[in-house]
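Take a look at the structure set out below.
Where a number appears in this text, it was derived from the coordinates with a stated rule and is not lab data. Bear in mind the structure is a predicted one, so any value in this text is a computation, not a measurement. Note that each Cβ is placed from the backbone with ideal geometry, even for glycine, and that neighbours are counted across all protein chains shown.
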Amino acid sequence: MFFMDPFFWDLFVNGLLIGCMYALVAVGFVLIYKATSVINFAQGDLVMFGGYIAAAGLSLYHLPLWTAAPIMLALMVALGFAVERGILRPLIGQPVVSVVMVTIGLALVFQGLAAMIWGAATINMPLPIPLKPLIIWEIFISPINLVAAGLCVAFLVVFAYFFRRSRMGIAMRAVADDQQSAMSVGINVRVVFAISWAIAGLASGIGGLVWGNMLGVDTHLALVGLKVFPAVILGGLDSVPGAVLGGLIVGAVESVAAGYVDPYVGGGTKDFAPFIIMILALMIRPYGFFGREIIERV
Amino acid sequence: MRAKGWLAIALTVAVVVGLSVGVADAKHAIKIGGQCDRTGATKLIGVEICPGVTDYIKLVNKKGGVLGHTLEYTEVEHEYRVDRGVEAYERLKRDGVVATLDYGTPIVYALTPRHMEDRIPAITPGFGRADSLDGEVWPYIFPMAASYWSQVGGAMQYIKDKGAKKGAKIAYLYFDNPAGREGIPIIERIAKKEGYLLRHFAVPSPGLEMGPQVIDITRRLKADWVVAHLFGRSPSVSIKEFQKAGFPLDHVISLVWGAGEADAEAAGWDQSQGYLGLQFAAVGRDLPVIKEIIQMSKDEGKEAPKYVGGVYYNRGVLIGAILVEGVRQGLQFGEPLTGEKVKKGYESIKNFTLGGFLPPMTVTPQDHEGGGWVRLYQVKGKEWVPVTDWIRGYRDEVIKLVNEANKVAKVVKPLQ
Amino acid sequence: MINRECGVYQTTYQGDMALYPLPLAKISYALLLLVLLALPLAADSHTMAIMNLIGLAAIGAIGLNILTGYTGQVSLGHGAFMMVGSYTAAILSSRYGMPFWVGLPAGGAVAAAVGAFFGIPSLRIKGLYLAISTLAAQFIIEWCINHIPWIGGGAQSSIYVPTPTLFGWPFNTEYRRYFMVLPVLILAYVGAQNLVRSRVGRAFIAIRDRDVAAEIIGVDIFKYKLLAFAVSSFYAGVAGALWTYYLKIANYEHFILSTSISYLAMIIIGGLGSVLGSVFGAVFITLLPIVLVYVVEGIARLFGFTYASIADFLANLRLIIYGGLIILFLAIEPEGLYRMWGNIKRYFRFWPFSY
């Protein structure tokens, strides 16, 4: 019955579109985890940095989109390389909690740095997309959400092709599977680490572009990184298609739950519902839809 | 090992140098202080308001201070967090301040008992706890100019003037924290009185996403008017979301802290046309005090920053001016100046306008708000322009609510 | 020379099992206690405030270290458990008029129950998955307190608490509040030191080091994991309740995610797996923003800047330095301040030999 309610479809469709944007960030996260086993708490901050660079280019220096975007992506790739080389490389072999803390520390540094360079005011990210909503079959769709989702899907398709068909992609999958064996067949693991961070930087850059447009760019943009966790847990920490599915589910669930449950509980369901789902998933199926079971060895 | 050794030495040297230089500071001046949020949820406001306060104090000091005394304003960063706000207050207290600005409604709530005990008055212009209007129950808290209840009253008055009838649908969109929830009692009361259909929509901190709420307001509730109590990041996000959903922005009225240039700029001026907002202080550079400040910057060889004359900066100047006025009035009770004297000073403020910043404000020991006047502005072009004159809406409802709220407080008070 | 173990012999079992068997340790701890007790005579109100903040932070940090440092379960939800204790104490004291020495343990107990509940997933998941589930705990508890009026005190989600008193003697200055915090800290510290030396503590350490092996030798890991969560949350709850009595208000913003991260930073910088390290970490992280502001302001003043012109810069610098120090510590001294302290002690122990 509530499937007939246009309100539900409004929420669901727009939620799904936003879910594509979550999926993008989640893929970056999973990529780093798969290749280097690092839980990157600074994923949201990479998105924020990408957003800042793009917004600075568009709003402060008034560059056209076709100039600003490639510059931003190039810088984000460079940032990915730099972080991997400078910060994570020296910490290989440290216990898990240390690496987690390092990424948390990195997150704080990014936030302070971004605010120092670009100021505390929220910067607008103007994209040449009309704001007025489209109405299709009584459901309203925001063109910006559509374009953002389209960008994310395009990236994911290109990335999937890269991951499955190209040599580097296969090398990355090999390293994710078993580092020792990959090294023994001659794959340069260090290069793979660097490339995975670089691609994660790229994904974060695109994420920064779309999220920055939706939310406005300032240091709070990094909070997007928190929503990544339910998405990757649902999908499985080491599964890229899982991350996509998880992102979509998170986007849809939070939108629908917020729309229907908020009036009864006084709000806040949007941030709360994905974490409830995540806890349930952790209790019932901890490794997510597509994750791999971790086998204990004494 | 070498690196560790050098690092330790460098850190120690830095700390020793800094502490020794930092501590040496003893001037015979009147000390006042306040917190500021430059890195937290409301930093969009903080980075404009705090310079307003300090610039005004600098101006006053340049002109000879208050009756010969220089004023020393200490600003402590607190990230809009209650625990850091309390620590900041304790530090200011130790420095010997006689008056404070408590930045942030949650911080005001947390510090209220301390202000009562320490007898140091706090001003909370345009925010804070609306029930502190009653100066007899809350002697040391001053919600000057227009508390949230007065602001909501003004917004509802405008809605009524624009033709809202019984059964009109009002949405109250608010930031989900004590500041945002402050508006709930009064808007419910007024809506009940007028027979409006009212629904609340909470936006959780820090107010980045409100898609479902806006979709609900626009498509399910199909609200006629939205009263938005958002601040920091959230107003700009709300503007964009309303545009995306197709809700007319000229039916969205924001309370004072969502009505700044920074908010419209963050959303994009083109996107924000028609957005309404309340102000409790004048906007623009066409005011004598602002002109003096700009001149002061020119005398130092610097161009005044872009935000001078803006909504939030001017409020900062107003805050500074109220602090100064309190000190000035308090000095007539004798020296050395104490918190109690400043409190009496605040209560002696009569017909205060600061050269056109606000309608004449008169504070008494019973009425700590001193007015409750607001003015509606709208985004047109690349600035905020006024659309009404100074109004005061539903004043009797506000006063009634204050009395009801304080009836409980009067009973609880002996426990403190 | 003075710090040696030879020539020190015990004649009773109790002597052997004492917490600090060496005379040097006994003397130095006694001296420390004396200094702490006498501090109010010499220090001003602001220093007392800082000591109180350090003490409050240390209690929470010790709790987190029991869970993360000794049992190896990374927890990002420590702030939320403190919130539970804080609100429990606030409700008991403001609505039911309980005195603070009931509110403290009650806050701890309720927090322990909640903590144990959120530790249940640890049966099925471990490592980072568990850390993320504690992150969920943080948000869920925050949401519950904010949105259940009976807990959160209605629309304003802050609960006032009357001044805590002991036999009619109110704790209403920083000096008096110091004597509210200090005994709890001492109890917490000694309790933790004894806990980790005991059978339970050894079980915790076994779980951290190799939990499958621990299970094989007969340690019931599920029970001990839950116990670790419960004990750690008890500490958190007591710390949270103490915050409530200290601030005379319970407000959820005290205990948000960045608070949990601060506590994690405290124990990592202080030293995972050591109670003394938690205290070091608490001192460091609490003093960091305060010292930083003084230092940067002082240096800036040397160059002629006023606070107003560098305020923005300073605020963001604090974030950068905070994050940067965390990274620095992890890169240079992963075992934290406690290890550095150990190095210093060892240096003097072997002096004039270098090894």
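A compact table of results
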read-out	value
Using alpha carbons only: equivalent-ellipsoid semi-axes of chain B, gyration tensor based, whole Å	35, 26, 22
Charge context of A:S239, other residues only, Cβ under 11 angstrom, K/R +1, D/E -1	+1
Cysteines having no other Cys beta carbon under 4.7 Å from their own, within the protein assembly as shown	C:C6, C:C144
Residues B:W138, B:W390, C:W243, C:W351 arranged by fewest to most Cβ contacts within 10 Å	C:W351, B:W390, B:W138, C:W243
Pairwise Cα inverse-distance average, inverted: Kirkwood Rh of the stretch A:141-190 (Å)	12.6 Å
Förster-model FRET efficiency, 25 Å R0, B:K62 and B:T353, C-beta, rounded to 0.05	0.70
Cleavage-rule hits, trypsin sites (Lys or Arg not before Pro), the stretch B:34-83, DSSP coil, Cβ neighbours within 10 Å at most 13	B:K63
Net length gained if the chain between C:A38 and C:L166 were fully extended (0.36 nm per residue, minus Cα distance)	44.0 nm
Size descriptor, Kirkwood hydrodynamic radius, that averages inverse alpha-carbon separations across chain A, Å	19.8 Å
For B:R375, net neighbour charge (Lys/Arg +1, Asp/Glu -1) across residues whose Cβ lies under 11 Å away	0
R0 of 51 Å, Cβ-Cβ distance C:I186-A:F289: FRET efficiency to nearest 0.05	0.55
Listed residue (B:Q271, A:A231, B:I294) projecting farthest to the positive dipole end of the protein assembly as shown, Cβ model	A:A231
Equivalent ellipsoid semi-axes - Cα gyration tensor, the stretch A:1-99, angstrom	32, 24, 9
Hits among aspartates and glutamates - C-alpha to C-alpha of B:K160 under 19 Å, sequence gap 8 or more where chains match	B:E188, B:E194, B:D224, B:D250, B:D389, B:D396, B:E397
Cβ-placed point charges (K, R +1; D, E -1), dipole of the stretch C:47-350 about Cα centre in debye, nearest 20	680 debye
Ellipsoid semi-axes in whole angstrom, largest first, where each is sqrt(5λ) of the Cα gyration tensor of the stretch C:47-350	29, 27, 19
Rg/Rh for the stretch C:101-259, where both radii come from Cα atoms and Rh is the Kirkwood radius	1.02
Total charge dipole magnitude, the protein assembly as shown, about the Cα centre, Cβ charges on Lys, Arg, Asp, Glu only, Debye to nearest 20	1180 debye
For the protein assembly as shown, the fraction of alpha-carbon pairs in successive 10 Å shells from zero, as %	2, 10, 20, 24, 22, 14, 6, 2, 0, 0
The stretch C:106-178 - percent relative contact order, Cα under 8 Å, separation 6 or more	11 percent
Inter-chain Cβ neighbour average for residues A:86-98, partner chain, 10 Å	4
Per-bin percent of Cα-Cα distances, the stretch C:19-171 [10 Å]	10, 28, 31, 23, 8, 0
Cα pair distances exceeding 25 angstrom across the stretch A:170-298, given as percent	40 percent
Those chymotrypsin sites (Phe, Trp or Tyr not before Pro) in the stretch C:68-157 that DSSP places in a loop and that have at most 15 other beta carbons within 10 Å	C:Y96
Helix B:288-299 vs. chain B, principal-axis angle (Cα, 0 to 90°, nearest 10)	50 degrees
Inter-chain Cβ neighbour average for residues C:256-265, partner chain, 10 Å	3
Under 16 Å from the C:Y29 label point (7 Å along Cα→beta-carbon), backbone N, the stretch C:169-183	C:183
Cleavage-rule hits, trypsin sites (Lys or Arg not before Pro), the stretch B:322-416, DSSP coil, Cβ neighbours within 10 Å at most 16	B:K350, B:K382, B:R392
Fewest-first ranking of A:D238, A:D218, A:D177, B:D396, using other Cβ atoms within 10 Å as the exposure measure	B:D396, A:D177, A:D238, A:D218
The stretch A:21-79: radius of gyration and largest Cα-Cα distance (Dmax), Å	13.0, 39
Neighbour-count order for C:V279, C:V181, A:V100, fewest beta carbons within 10 angstrom listed first	A:V100, C:V181, C:V279
Theoretical FRET efficiency, 1/(1+(r/R0)^6), r = Cβ-Cβ of A:V191 and B:K166, R0 56 Å, to 0.05	0.20
Check: the stretch C:207-308 dipole with +1 on Lys, Arg Cβ and -1 on Asp, Glu Cβ, in debye	140 debye
Measure of compaction for the stretch A:226-290 (Cα Rg per 2.2 N^0.38 Å)	1.09
Percent of beta bridges antiparallel (DSSP, the protein assembly as shown, rounded to nearest 5)	40 percent
Fraction of the pair-distance distribution of the stretch B:332-381 above 19 Å, Cα-Cα pairs, percent	44 percent
